[in-house]
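J.: Structure in structure tokens, see below.
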Amino acid sequence: MHLPLDALKHRNYRLYFTGQLLSMVGTWMQSTVQAWLVYRLSGSATWLGIVTFSMQLPAFLASPMAGVVADRVDRRKILLWAEAIGMLQAFALAALVLTGHVELWHVAALSMVLGVVHAFEMTSRHSLAAELVPRTDLHNAIAWNSVTMNGSRIVGPALAGVLIVQVGEAWCFLLNGLSFLAVILGLLLMRLQPRNIEPAMSRPLEQIREGALYVLKNRNILKLVGLTAFIGFFGFPYAVLLPVFAKGILGGDSRTLGFLIGAAGVGAILGAFRGLGKPSESSTDSRQFLLIGVSICTLGLSRSVSLSIAATFFIGFFMMGILPVFNTTIQHLVEDSFRGRVLSIYTMGFLGSMPLGSLLCGWLTDHFGAPAVQVSFGAVFLLLSASLNCKSCMKWVNSRA
């Protein structure tokens, strides 16, 4: 397979990519080890939800302010501070576990800190991409970011599974802390052109309002933010039900669950690879939503392990093939003075919709069963595809009239 390397030809992006690759592996490793630690300490699935929520809620609430800061402050400096605090958070967890003083509230509190860090890191990271490569290579840089994210999502948890047994939880947290040094070093070595930062003429809350109005007035950006939130709400919650399908529907065990999750991860990587070339209009048309819907419905209807693995592969493939395109398109449409605030809204749509969709998914499953819920969520994608297709047909008819 020929992989376009346009973004990687630029020194600044190579430094960023290398650092992010190492750090993201550490981040996913810590996420897995932390879940293991919480369950070992509590024996409660409820505490797993509490710790996850402790990170997601602050990340969601802090995103609007993160967008304002990204528009008014050097984005590299924001990332340096975010990575440094993230490193200290990992070291704090390592120290608590090593000394035997760790308690569940420690993990929840540190997760809240990490959630705020993620809000500033994600918004500034998306915004910085436009400063690392020329505009013509931006789509390729964003696609490589997705490859990094999804590749590390497979490697990190696998590495965690080995290291928990070999060296213990504390050393896993310590290794993650050290992995932040790769990003920090890369950021320090970059040679960036000074960015023209317009002085703030209003208070932060007013600036947040200006960013929201900017999105509302730009129909194309608003549509892409809405579609991203739609995918987060109805698409990603399929992962919440994978343990139910692995054991309750397919009659398998933890290995079955591993195959389902692994297939989704491999599909996501290949979907991101598909976006490395020139962006295509077909990447955002109704067929993509049709294929996602068919894949989700197939998972809901399947009683075969092989077919279910294929379904999760294609769910990951089609969803991760479309999201980088949305990001790229928004990056091309937005003015740089609003880039941080607009991307923070894009991030909020994603961060806010996933847990809400997962919550609804879990509640419906308790009342109607996992297969019915999965098929229903897939059917919603089919309806959206039909709606988008009808709108495209009407535009074509009007253009011919």
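Results for (1) of a type in the set (Val, Ile, Thr); (2) part of a helix (DSSP H, G or I); (3) farther than 28 Å from residue 335 by Cβ, shown as yes or no for each residue.
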| site | (1), (2), (3) |
| --- | --- |
| 97 | yes, yes, yes |
| 100 | no, no, yes |
| 141 | no, yes, no |
| 158 | no, yes, yes |
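J.: Determine which member of the set 156, 151 is out of contact with any Asp or Glu (no Cβ under 8 Å at 6 or more places or on another chain), farther than 17 Å from residue 16 by Cα and outside the structural domain of residue 267 (by TED's automatic domain parsing).
T.: On the way: 151 fails: farther than 17 Å from residue 16 by Cα.
Checking each option against the conditions leaves just 156.
J.: Can you report the number of residues in segment 290-304 which are under 19 Å from residue 361 (Cα atoms) and either in a loop (DSSP other than H, G, I, E, B) or not assigned by TED's automatic domain parsing to the domain that holds residue 387 (or both)?
T.: As a first pass, look at segment 290-304 and keep what is under 19 Å from residue 361 (Cα atoms): 292-302.
Keeping just the survivors that are either in a loop (DSSP other than H, G, I, E, B) or not assigned by TED's automatic domain parsing to the domain that holds residue 387 (or both) gives 302.
The qualifying residues number 1.
J.: Checking the conditions here, which among 113, 102 is surrounded by fewer than 23 Cβ atoms within 10 Å (Cβ to Cβ), of a type outside the set (Asp, Glu) and either under 18 Å from residue 67 (Cα atoms) or not assigned by TED's automatic domain parsing to the domain that holds residue 48 (or both)? Write out each step before concluding.
T.: Numbers: 102 fails: either under 18 Å from residue 67 (Cα atoms) or not assigned by TED's automatic domain parsing to the domain that holds residue 48 (or both).
When all the criteria are applied, what remains is 113.
J.: Let me ask something additional. Is segment 356-363 home to any residue that is farther than 23 Å from residue 61 by Cα and free of Cβ contacts under 8 Å to residues at least 12 places away in the same chain?
T.: Scanning segment 356-363, I find at least one residue that is farther than 23 Å from residue 61 by Cα and free of Cβ contacts under 8 Å to residues at least 12 places away in the same chain, so the answer is yes.
J.: Shifting gears a bit: Residues of segment 131-177 being closer than 14 Å to residue 28 by Cβ and of a type in the set (D, E, K, R), which ones?
T.: 153 - this is the single residue of segment 131-177 that is closer than 14 Å to residue 28 by Cβ and of a type in the set (D, E, K, R).
J.: Then there is this: Pairs needed: first member in segment 203-229, over 18 Å from residue 66 (Cβ atoms) and polar (S, T, N, Q); second member anywhere, part of a helix (DSSP H, G or I) and at pLDDT below 90; C-beta distance under 6 Å; at least 6 residues apart or different chains.
T.: Short answer, once both residue conditions are applied: 220/333.
J.: In segment 234-289, what residues are modelled with pLDDT under 75, part of a loop (DSSP other than H, G, I, E, B) and buried (at least 18 other Cβ atoms within 10 Å of the Cβ)?
T.: 275, 276, 279
The values are calculated or read from the model by the stated rules, or taken from the named source; none is laboratory data. On a predicted model such as this, the values are computed, not experimentally measured, just so you know. Every residue, glycine as well, gets a Cβ built from its backbone with ideal geometry; the counts of neighbours run over all protein chains shown.
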